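Asks: What follows is a single structure, and I will ask about it in a moment.
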């Protein structure tokens, strides 16, 4: 944990003072992003024996899925949403085009707090159907489509703002949850803000549309530093990584959507999306369905004639999904989301009932699973990193022990947060232990799911 707050505050001020340099960095990242995204999409598919150092498509795939996305997730836990405010190409392009856009008022339907959850579910599922991790065209379709949508929204609504990032981005909800764990944040002293006696700085343009005076956490803050030292009341400051969940987490922000995204999306849905390729249950499901269809002389679902933008279709690589494959993937991922997310929901509801508390406590207690949800996403995405490195001939003996340590650490962290939340809401004695037992069972469900993927089925 960072303990020296003064130098952190100076870093926040440097971000504000060097805004032009940051804009230059943003455009460099935009260029790099477009190269990684578009180059594999227009080049021929690499041969099966291609390696990173002799094929630019494979190298771009490793940079994008093996390094970029796993470590963007990790950065949220370490630095808050600094990526969003300083480096994200979608946010940069959306804000840039908004300056010459129509500046319409953001309609109420866009501001619905459920969009990030819905968008995360749709993009995750669609990505599995078209093999987004394996093919450049699939990645260009999903991520490029998201980028174009961000620019359209930026052109239509909010001059100099990031309406897309605040309300619609498919990963905004995930990033907001993970950023709660960061050991630093922009702390706002509301009394000093009201007094307005600090440095008379120009009014900051808060692109993600935050009421800076009332900001209490990292969830929506993009950590861009534009408001640093404003009125002498805003400073980048160290904090406990548990603080936001324990103290701010019990204050309703998005109703039930944070807990829904965490339990059913980041944990349940994501586990199914990462697991189906290695799961014997998936194979059994598909074989059983195929036998049922053949017995009834129904053969069209067994044909692999869907276009590549609907289902994976690369016959030159002997990789083409049948309609049955697509249905089985949807069934498996949907079942994973409902069964695992539902089990966690029931166990946490049981914990709250044993505590004799209200539903608001449920949402607070659910946030204790944020470390476990984040660890699962990192494990799943970094599996691509490990796979690609092994293709290159690296013997990664450390991979499995590291996975075990990460998973155990996340379970321990979530259990600690849950214990503190239960205690914070006044449960004691047998009620406290019974409620904590429900939470322990919930973490065991998640831990067992990841155990199956990395050890049980390997």
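Throughout, read-outs are computed from the coordinates displayed, never taken from laboratory work. What you are looking at is a predicted structure, and each value in this text was computed from that prediction instead of being measured. Neighbour counts run over all protein chains shown; Cβ positions are idealised from the backbone, glycine included.
Asks: Provide 84, 221 in ascending order of the number of other Cβ atoms located within 10 Å of each residue's Cβ, fewest first.
Replies: Values: 84 29, 221 25.
Arranged by neighbour count, lowest to highest, 84, 221 become 221, 84.
Asks: With 10 angstrom as the radius, rank 212, 110 by how many other C-beta atoms surround their C-beta, starting from the fewest.
Replies: On the way: 212 19, 110 15.
Placing the least packed residue first, the sequence is 110, 212.
Asks: Determine the shape class of the chain: with a ≥ b ≥ c the square roots of the Cα gyration tensor eigenvalues, call it rounded for a/c under 1.5, and otherwise prolate if a/b is greater than b/c, oblate otherwise. All intermediate terms of the calculation are to be shown ahead of the outcome.
Replies: Details: a/c = 1.79, a/b = 1.24, b/c = 1.45.
Oblate, because a/c is 1.5 or more while a/b does not exceed b/c.
Asks: Separate question: Just to confirm my numbers, what's the Cα centroid distance between region 100-124 and region 192-246 in Å?
Replies: Between the Cα centre of region 100-124 and that of region 192-246, the gap is 24 Å.
Asks: Run the helix sum for the chain: -39,500 (n - 2.57) per DSSP H stretch of 4+ residues, divided by residue count, reported at 222 nm to the nearest 500 deg cm²/dmol.
Replies: On the way: 18 runs with 257 residues, N = 458.
Calculated at 222 nm, the ellipticity per residue is -18000 deg cm²/dmol.
Asks: Under 1.5 on a/c is rounded, so check that first for region 19-125, then, if it is not, pick prolate when a/b is larger than b/c and oblate when it is not; a ≥ b ≥ c are the square roots of the alpha carbon gyration tensor eigenvalues.
Replies: Prolate, since a/c reaches 1.5 and a/b exceeds b/c.
Asks: At what distance in angstrom do the alpha carbon centres of region 14-35 and region 300-344 lie from each other?
Replies: Computed from Cα coordinates, the inter-centre distance equals 38 Å.
Asks: Now for a different question. Counting only C-alpha contacts under 8 Å and six or more residues apart, can you give the relative contact order of the chain as a whole percent?
Replies: On the way: 717 pairs, mean separation 83.1, N = 458.
Relative contact order, the chain: 18 percent.
Asks: Using a 10 Å cut-off around each Cβ, can you sort 340, 25 from fewest to most neighbouring Cβ atoms?
Replies: Details: 340 23, 25 14.
Taking fewest neighbouring Cβ atoms as first place, the list is 25, 340.
Asks: Quick check on region 71-130: take the gyration tensor over C-alpha atoms, sort the square-rooted eigenvalues as a ≥ b ≥ c, and tell me if it's rounded (a/c under 1.5), prolate or oblate.
Replies: On the way: a/c = 1.81, a/b = 1.15, b/c = 1.57.
Verdict is oblate for region 71-130.
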